[in-house]
1. How many residues does the stretch B:127-165 hold that are surrounded by fewer than 22 Cβ atoms within 10 Å (Cβ to Cβ), in contact (Cβ under 8 Å) with a residue 60 or more places away in the chain, of a type outside the set (D, E, K, R) and in a loop (DSSP other than H, G, I, E, B)?
2. Would you say B:Thr76 is without any contact (Cβ under 8 Å) to a residue 24 or more places away in the chain and either in contact with a helix residue (DSSP H, G or I) (Cβ under 9 Å, 6 or more places away or on another chain) or over 29 Å from A:Phe114 (Cβ atoms) (or both)?
3. Which of the residues spanning the stretch A:49-59 are part of a helix (DSSP H, G or I) and within 15 Å of A:Gly109 (Cα to Cα)?
4. It is to be established whether one or more residues within the stretch B:54-72 are at pLDDT 95 or above and of a type in the set (Asp, Glu).
5. Kindly establish whether A:Ile173 is surrounded by fewer than 17 Cβ atoms within 10 Å (Cβ to Cβ) and over 30 Å from A:Asp62 (Cβ atoms).
6. Go through the stretch B:1-48 and count every residue that is in a helix (DSSP H, G or I) and either in contact with a helix residue (DSSP H, G or I) (Cβ under 6 Å, 6 or more places away or on another chain) or away from every other protein chain (no Cβ under 14 Å) (or both).
7. For the stretch A:115-126, give me the residue count where each residue is more than 10 Å from chain B (Cβ to nearest Cβ) and either touching a helix residue (DSSP H, G or I) at 6+ places or on another chain (Cβ under 8 Å) or touching a residue at least 40 places away in the same chain (Cβ under 8 Å) (or both).
8. Can you tell me which residues in the stretch A:141-173 are within 22 Å of B:Asn21 (Cα to Cα) and more than 7 Å from chain B (Cβ to nearest Cβ)?
2 protein chains.
Amino acid sequence: MQKTIYRVAAALTIDGKIALNSRQFTNWSSSEDKLIFRKMLDESDVIISGHNTYKVSKRFLDRRNCIVFTRSVKDTLRYKKTILFCNPKNVDVQRLIQRLDYRAVTIIGGAPTFSYFLDKDLLDELHLTIEPIIFGRGILLFQDVKIDVVNLKLTKAKKLNKKGSLYLVYKKI
Amino acid sequence: MQKTIYRVAAALTIDGKIALNSRQFTNWSSSEDKLIFRKMLDESDVIISGHNTYKVSKRFLDRRNCIVFTRSVKDTLRYKKTILFCNPKNVDVQRLIQRLDYRAVTIIGGAPTFSYFLDKDLLDELHLTIEPIIFGRGILLFQDVKIDVVNLKLTKAKKLNKKGSLYLVYKKI
């Protein structure tokens, strides 16, 4: 059986922030990052996002298979043909993804959703674009994670433009 | 008059942490990062650190010119021949550095000390090593900064070893 691959896709500031606040769409990242991000979504069987991220990204998520994490449903609820609402507190998410036969899973945030998969030790790959910008405050990639320190390996590093947006791929070792 | 250059030197995790807690020495970074860090210190006229960072790094700081930020003195106090205690709340740090004729200033943390210089818009260069590790919690590079978003330019990116520790230099634009 082919293994399911769980990938994080995120744009980060130099100081490790994904947004200034939880309602901010990632409109601050470079056009080169946005191209890579869209390509990753195109190559995914399913996209997983939190409810806030879904709300600010609806426009380009609604045509894609999505699982949206939310506490507003008990377990799972088919919201649209492509959109499945899911309460990760009451659902075995890994089993759900297996049952739906999804192989390429891309997690697009926000912090609680990224942290959920890190805490379950499910992350196989991190695809990060580090933009040459400092927020100095805001939302982190991960928050309040209980898991031990995780060691990864950098498998790709590519400078995307003149100002130095960096596309980095890390894989589990 | 030659301009004073203010440089940050720090090792970061993928998720933007500089330590698991404020008493942790940067013993988790790669040997390649440590070499770069020592070289930067050797090329500095003065090193600036917070009191916690000073306490955990004493061993290799005591032979170097240091300004140690602390609230335990009123303004400045010569603690040892090379070590000057300084309360940044009551001292014009930029003027002090000018007066002492320091040109190459390296700031080694922790977060409140990095944030002080970011808030004053004094940072010219960031020398960061991103280690392929996730802490998921811990101390950030910057905290509670009031300044607006800061745009920088990546001027150097070098892979330091097989696992992919990345040495990055960002400069103010």
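The values are calculated or read from the model by the stated rules, or taken from the named source; none is laboratory data. Nothing here was measured: the structure is a model prediction, and the numbers come from that model. For neighbour counting, all protein chains shown are included, and Cβ atoms are generated from backbone atoms with ideal geometry for every residue, glycine included.
1. Residues flagged as surrounded by fewer than 22 Cβ atoms within 10 Å (Cβ to Cβ), in contact (Cβ under 8 Å) with a residue 60 or more places away in the chain, of a type outside the set (D, E, K, R) and in a loop (DSSP other than H, G, I, E, B) within the stretch B:127-165 amount to 3.
2. yes
3. Within the stretch A:49-59, A:His51, A:Asn52, A:Thr53, A:Tyr54, A:Lys55, A:Val56, A:Ser57, A:Lys58 meet the criteria.
4. No, the stretch B:54-72 contains no residue that is at pLDDT 95 or above and of a type in the set (Asp, Glu).
5. Working: surrounded by fewer than 17 Cβ atoms within 10 Å (Cβ to Cβ): yes; over 30 Å from A:Asp62 (Cβ atoms): yes.
Spelling it out, A:Ile173 is indeed surrounded by fewer than 17 Cβ atoms within 10 Å (Cβ to Cβ) and over 30 Å from A:Asp62 (Cβ atoms).
6. So the answer is 10.
7. Number satisfying all stated conditions: 6.
8. Pass one, the stretch A:141-173, residues within 22 Å of B:Asn21 (Cα to Cα): A:141-152.
If the condition is that a residue be within 22 Å of B:Asn21 (Cα to Cα) and more than 7 Å from chain B (Cβ to nearest Cβ), then A:Gln143, A:Lys146, A:Asp148 are the ones that fit.
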